[in-house]
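Structure first, then comments.
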Amino acid sequence: MSTEWSHASWVSFIGMIAWILGIISGVINLFWGFITLPGVIIGWGYPIWMIISGILVILISFFIIFPKFSIKCSKKDWDSLLNWVIPLGNIRFPWMFIWGSIVCILGYGWGGLAIIIPAFVLIFAGPKPYEWKTGN
């Protein structure tokens, strides 16, 4: 498959920096959690959740998004990304949507958008049609 198609350059760039944006999102969560922790009298759950979600986003970004998504985007290895799926019955569901959603939820939006936007473009306007069903 050709590495170039009309969206290749910007999809590659955004996907390449997705893990960095995820880590930044996690660091902001950590920072905000530690800043608000001492001043909270009621609702201790919020700062603790910010700290936990920040740690989780950093770990996911470094250990999953970086090797499985960002490196593949930087190399324009579209086949690997299109085949990074979880089989749900006879449906091939892209892991990019799952991890992007998790980073969006834990990172409060913008951290995961750098995963979800390139994933949508790759799946719905990519260099070849995405196969949603397995061969069975």
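Observations
- Rounded if a/c under 1.5, otherwise prolate or oblate - segment 72-124, Cα gyration tensor axes: oblate
- One chain, two ends: THR36 and PHE13. Fully extended at 0.36 nm per residue, the span grows by 4.9 nm beyond their Cα-Cα distance.
- Summed residue charge, Cβ within 12 Å of GLY15's Cβ, Lys/Arg positive, Asp/Glu negative: +3
- Per-pair calculated FRET efficiency, R0 = 30 Å: ILE52 and ASP79 via Cβ, rounded to 0.05: 0.25
- Highest average first, the peptides 99-111, 80-92 ordered by how many other beta carbon atoms sit within 10 Å of their residues are 99-111, 80-92.
- Kyte-Doolittle mean at least 0.0, axial Cα span of 24 Å or more - DSSP H helices of the chain: 8-36
- Over the chain, dividing the summed -39,500 (n - 2.57) contributions of all DSSP H runs of at least 4 residues by the number of residues returns a 222 nm mean residue ellipticity of -19500 deg cm²/dmol.
- Correct option for log10 I(q)/I(0) by the Debye sum over Cα atoms at q = 0.09, 0.14, 0.19, 0.20 Å⁻¹ [calculated from the coordinates] among [x] -0.36, -0.71, -1.10, -1.18; [y] -0.77, -0.97, -1.12, -1.15; [z] -0.31, -0.64, -0.97, -1.04: [z]
- Counting only lysines at least 8 places from LYS76 when in the same chain, those with an alpha carbon closer than 22 Å to its own are LYS68, LYS128.
- In this simple spin-label model, placing a label point 7 Å from the Cα along the Cα-to-Cβ direction at both PHE62 and ALA125 gives a separation of 3.5 nm.
Where a number appears in this text, it was derived from the coordinates with a stated rule and is not lab data. As the structure is a computational prediction, the values presented were derived from the model and not from experiment. Glycine gets a Cβ as well: all are built from the backbone with ideal geometry, and neighbour counts include every protein chain shown.
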